[in-house]
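Structure first, commentary second.
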Amino acid sequence: MSLTTMSSLNISLRDETFRQLRDIIYEKSGIFIPDNKKYFLENKLIRRIQEKNFNSFEDYLYLIRYGSNGNELSALFDLVTTNETFFFREPLQFDILFEYILPEISRSKGNNNFKIWSAACSTGEEPYTIVMIKSEKKPDMKIEVYASDISEGVISTAKKGIYYSYSVRNIPETYIKKYFKQNGQGFELDNAIKSSVRFLNINLTDEKKMRSMYDFDVIFCRNVLIYFDDKAKQKVVSLLYNSIRPGGYLITGSTESLHNVTRAFKPVVINKAIVYRRT
Ligand SMILES: C[S@@+](CC[C@H](N)C(=O)[O-])C[C@H]1O[C@@H](n2cnc3c(N)ncnc32)[C@H](O)[C@@H]1O
C-alpha cells in the first residue's frame, strides 16, 4: 500500500477503496484503470480531497456514491481523463475526409450537405481543424459539425477558443494568419470558426444520450478507445455504429484498430490509412 503525504494530509489509498473507485469510474465511463495504475488515481484525487477538506479517500468515495447528485462524478471525469490533443493531428485523415470520403458520400446522396461529429473532442482542436479546412478548401460544402466530450472542463476550454504553442504547433502558417489573433502568449480562434461547432457533454457509454446523436455522415472517435477495455470498446463502437447513416464512416486514431472489436464496419484502406465504412 502506498502512502501519499501532503503538507497537512497524510493519507493512503487502500487497495479496497481504490478498487471501488476504479469500478465506479469504469461503470460510468468505460475508462479502465488497471491495478498497476493505482498511483495514477491516488495522485489525481489527493488534491481534490484536500480542496474538499476531507480526511480520507473513503470520505471521497462516499461523496461520489451518495453525496452530490452526480456533480462530483463530473469533477472526477475531469480529473481522470487524458485530454492530450492538438490542431492538425494526423493530417492524412483530414485529407482523406475532404478528398475521398465526403466526395463519395456526396455522389451517393446527391448533395453537398454533411453532418460530422467529433466524439471525444477534448479541448476542441479536432472539430475546429475540420471547420478551418472546410472553410479554406471546400467553401461550397455545407457541414454541420458537432463535438462532444465527457469532461465539462475541456468543453468550456473549447468554447473559449484560446490556444497555446503546444496546441497550435502543427497549424500551417496561412491558417494561423487567417483564423487566429495573437493575444499575449495565446492564439485566439476566429469567432466564425468557433460558432460553427456545436459542443455537447456526451458520455460515449450513455445509451440514452447516444441515441440522440443520429444520421451522421462521418464520426471522428480518435484516441479515446485506448482508455477502455474490450467490453466498453464494443459497447461504444456499436453505439457509434447506430449514429452513422448507412454509407457513412467512422474514423479512429491510426493506431486504434477495430479488428478485434467489431465486424459490423467494413475496413477501407485509403492512401494507406484505414477508415471504417458502415454498410
Ligand atoms: C486523448 S483525448 C482525444 C482528443 C481528440 N479526439 C484527439 O484525438 O486529439 C481523449 C478524450 O476522450 C474523452 N473521454 C474519455 N472517456 C470518455 C467517454 N466515456 N465519453 C466521452 N468522452 C470521453 C476525454 O475526456 C478526452 O478529452
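Any read-out appearing in this document is the output of simple, stated calculations on the displayed coordinates, not a laboratory observation. Given the structure is predicted, the values throughout are model-derived calculations rather than measurements. For neighbour counting, all protein chains shown are included, and Cβ atoms are generated from backbone atoms with ideal geometry for every residue, glycine included.
Some points to look at:
- Some residue of the stretch 268-275 being in a helix (DSSP H, G or I), in contact with a helix residue (DSSP H, G or I) (Cβ under 8 Å, 6 or more places away or on another chain) and closer than 22 Å to residue 130 by Cα: no
- Scanning the stretch 221-269 for residues that are aromatic (Phe, Trp, Tyr) and more than 12 Å from the ligand (Cβ to nearest atom), we see that the one that is farthest from residue 151 (Cα to Cα) is 265.
- Here the stretch 135-147 is the region considered, the condition is being surrounded by fewer than 24 Cβ atoms within 10 Å (Cβ to Cβ) and within 24 Å of residue 186 (Cβ to Cβ), and the residue that is nearest to the ligand (Cβ to nearest atom) is 145.
- Scanning the stretch 110-134 for residues that are within 20 Å of residue 240 (Cβ to Cβ) and away from the ligand (no atom under 16 Å from the Cβ) gives 114, 115.
- Close contacts from the stretch 142-171, counting a first residue that is in contact (Cβ under 8 Å) with a residue 60 or more places away in the chain and a second that is within 13 Å of the ligand (Cβ to nearest atom) and acidic (Asp, Glu), with Cβ to Cβ under 8 Å and a gap of 6+ residues or different chains, come to 151/78; 152/78; 153/78; 154/78; 163/125; 167/125.
- Residue check, residue 154 farther than 22 Å from residue 28 by Cα, within 16 Å of the ligand (Cβ to nearest atom), out of contact with any Phe, Trp or Tyr (no Cβ under 8 Å at 6 or more places or on another chain) and assigned to a helix (DSSP H, G or I): no
- The condition of being crowded, with 19+ Cβ neighbours inside 10 Å, of a type in the set (D, E, K, R) and under 21 Å from residue 100 (Cα atoms) holds for only one of 278, 245, that being 278.
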